[in-house]
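Structure, as C-alpha cells:
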Amino acid sequence: MPSPVTVVGGGIAGLACARALMPAGGAVRVLDRGHRPGGRMASRTMRGGRVVDIGASYLTASDGSAFAGVVAGWVQRGLARPWTDTFAVAGPGGIERTTTGPVRYAAPGGLRSLVADLAADVDVRREQTVEQVRPGPTVDGEPVAAAVLAMPDPQASRLLDPATADRLLGERPWEPALAVVLGFDRRCWPADLHGAFVHDDDTIAWIADDGDRRGDAAPVLVAHTTPGFAGAHLADPDATAPAVTAAVTRVLGLDAAPDWTTVHRWTFARPTDPRPEPYGLVDGIGACGDGWAAPSRVEAAWTSGTALGRALAETT
C-alpha cells in the first residue's frame with residue numbers, strides 16, 4: 001500500500017485539505033486527538049442535551065468564492081442558516097449602537113456539524129495523539145507521502161524539530177480566550193440582540209445569543225473574554241465564571257442571573273498576525289489553518305486547507 005498523506009488535526013482546515021487531496025486518488029488520512037472532528041468550530045452538549053457553540057461564533061463567505069459555494073450547499077441541505085448582518089456595539093456601560101456587515105451564517109446543529117459533514121467520507125482516525133513529525137517526512141516514525149499540520153502554530157511547533165519549525169512557522173504569537181456559556185430560565189436581554197462586540201472592557205470582548213443563532217430561541221448566551229483576561233486565568237478558567245457573568249450583566253443590563261455556567265479554555269484562540277500566504281510547505285511537511293490566508297476566520301481556514309491539499313495533489 002502506498003504511504004498516505006497524513007493530516008494531523010481534524011478541524012475545518014484539516015478536513016478541507018484532505019478533501020482537496022482525495023480527487024487525485026492517493027491515500028489520505030486525518031489523525032485527530034479528539035473524540036469528534038471539529039477543532040475550534042467546537043460545539044459542546046450542555047443541559048438537556050442541547051448543543052452550544054463554544055469556539056467560532058459564526059462564518060462568513062466572500063461573494064463568488066469557492067467557500068461561498070460550500071456554504072450554499074450547507075444552507076440548501078439545512079445544515080447552515082443565514083443568521084444576521086447586524087450586531088450591537090457595546091462598551092462597559094452598555095449597548096451604544098448597532099453595526100452592519102456581511103451575512104453571518106450559523107448552524108442549527110452547531111458549527112461542529114459542518115466539519116462533521118466534510119468528514120463524512122474521509123478516513124478520520126479519532127483519539128490519535130501524534131507525538132512528532134520529522135523530515136522525511138515521518139509521523140511518529142512512520143514514513144508518509146506528506147505530512148500536514150492543521151493546527152495553531154504553537155501546537156505544530158511542539159511536533160517539529162526546531163530547524164523545521166523555524167523554516168515552516170517562524171515566530172508568531174497567538175492570543176488565548178475563554179468561552180463562558182450562561183444558561184438562563186428565560187430570555188432577559190433585548191429581543192433584537194443577535195450578538196454584541198464589546199470594546200474597552202477588561203473582561204469580555206464578544207457576546208453571542210446562542211438561541212438566536214441556532215434558531216431555537218433557547219435562553220443561552222456565550223461570552224468570549226479578552227486575551228488579557230484569559231491569559232491571567234488559564235490555570236483556573238472555571239473560577240472566572242462570576243466575573244464574566246458580572247460583565248455580561250452590566251453590558252446587557254440583565255435583570256436575572258444565569259441558572260448555570262460553564263467555561264471552556266482556548267489557549268490558542270487566534271493568531272495576532274495571520275500570514276497573507278495560504279499555507280506553508282517545507283520538505284513535504286505542510287501547515288495550514290487559522291494562521292494563514294489572513295484575515296483569520298472560518299473561510300480563511302477552509303481556503304488555507306484547500307489550497308495546501310491542491311498543491312500536495314500535484315506533487316505527491
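Using the basic label-point model (7 angstrom from Cα toward the beta carbon), what is the D255 to E175 distance in nanometres?
Placing both labels 7 Å along Cα→Cβ, they lie 3.4 nm apart.
Provide, in order from the shortest bin, the percent of all Cα-Cα pairs of the range 115-220 in each 5 Å bin, continuing until the bin that contains the maximum pair distance.
Pairs per bin, as whole percents: 2, 8, 13, 13, 11, 12, 11, 11, 10, 6, 2, 0.
Enumerate the whole-percent occupancy of each 10 Å bin, from 0 to the last occupied one, for all C-alpha pair distances of the range 70-113.
26, 37, 26, 11, 0
Quickly work out the E277-to-C188 label distance, labels modelled 7 Å from Cα along the C-beta direction, and quote it in nm with one decimal.
5.2 nm
What FRET efficiency do you get for A68 and T267 if R0 is 25 Å and r is their Cβ-Cβ distance, rounded to the nearest 0.05?
FRET efficiency, A68 to T267: 0.20.
Using R₀ = 41 Å, calculate the FRET efficiency as 1/(1 + (r/R₀)^6) where r is the Cβ-Cβ separation of V75 and D238; round to 0.05.
0.65
Send over the semi-axes of the range 208-316's equivalent ellipsoid, whole angstrom and largest first, taken as the square roots of 5 times the C-alpha gyration tensor eigenvalues.
Its equivalent ellipsoid spans semi-axes of 37, 17, 11 Å.
How many angstrom separate the Cα center of the range 60-103 from the Cα center of the range 133-178?
Comparing the Cα centres of the range 60-103 and the range 133-178, I get a distance of 32 Å.
Give me the one-decimal nm value for the distance between modelled label points at A217 and D200, 7 Å along each residue's Cα-to-Cβ direction.
Spacing of the two 7 Å Cα→Cβ label points: 3.6 nm.
Going by Cα centres, the range 233-260 and the range 1-53 are how many Å apart?
For the range 233-260 versus the range 1-53, the Cα centre distance is 32 Å.
If you average 1/r over every pair of different alpha-carbon atoms in the range 274-316 and take one over that average, what Kirkwood value in Å do you get?
Kirkwood radius, the range 274-316: 10.0 Å.
Counting Lys +1, Arg +1, Asp -1, Glu -1, what net charge surrounds G136 among other residues with beta carbon under 13 Å of its beta carbon?
-3
Taking only DSSP H segments of four or more residues, each worth -39500 (n - 2.57), what value at 222 nm results for the chain once the sum is divided by all its residues, to the nearest 500 deg cm²/dmol? Each step should come with its number before you reach the end.
Working: 9 runs with 82 residues, N = 316.
Mean residue ellipticity at 222 nm (helix-derived): -7500 deg cm²/dmol.
Using only alpha carbon pairs under 8 Å that are at least six residues apart, calculate the relative contact order of the chain and give it in whole percent. Show your work: numbers first, answer last.
Numbers: 744 pairs, mean separation 75.0, N = 316.
About 24 percent, as a whole number.
Please compute the length gained on full extension between E127 and T100, using 0.36 nm multiplied by the number of residues separating them and subtracting their Cα-Cα distance.
Roughly 5.7 nm would be gained on extension.
Using only the Cα atoms, what convex hull volume per residue in Å³ does the chain have? Mind dumping the intermediate values first?
Details: hull volume 41.4 nm³, N = 316.
Each residue corresponds to 131 Å³ of Cα convex hull volume.
Each residue of the range 306-312 in order: what ³J(HN,Hα) in whole Hz does its phi give by Karplus 6.51 cos²θ - 1.76 cosθ + 1.60, θ = phi - 60°, with x for Gly and Pro?
Along the range 306-312, the couplings run 5, 5, 5, x, 5, 5, 5 Hz.
Coordinate-derived values only; no laboratory data. Quick caveat, the model's predicted, so the values are computed rather than measured. Methodologically, a virtual Cβ is constructed for each residue, glycine included, from the backbone with ideal geometry; neighbour enumeration extends over all protein chains shown.
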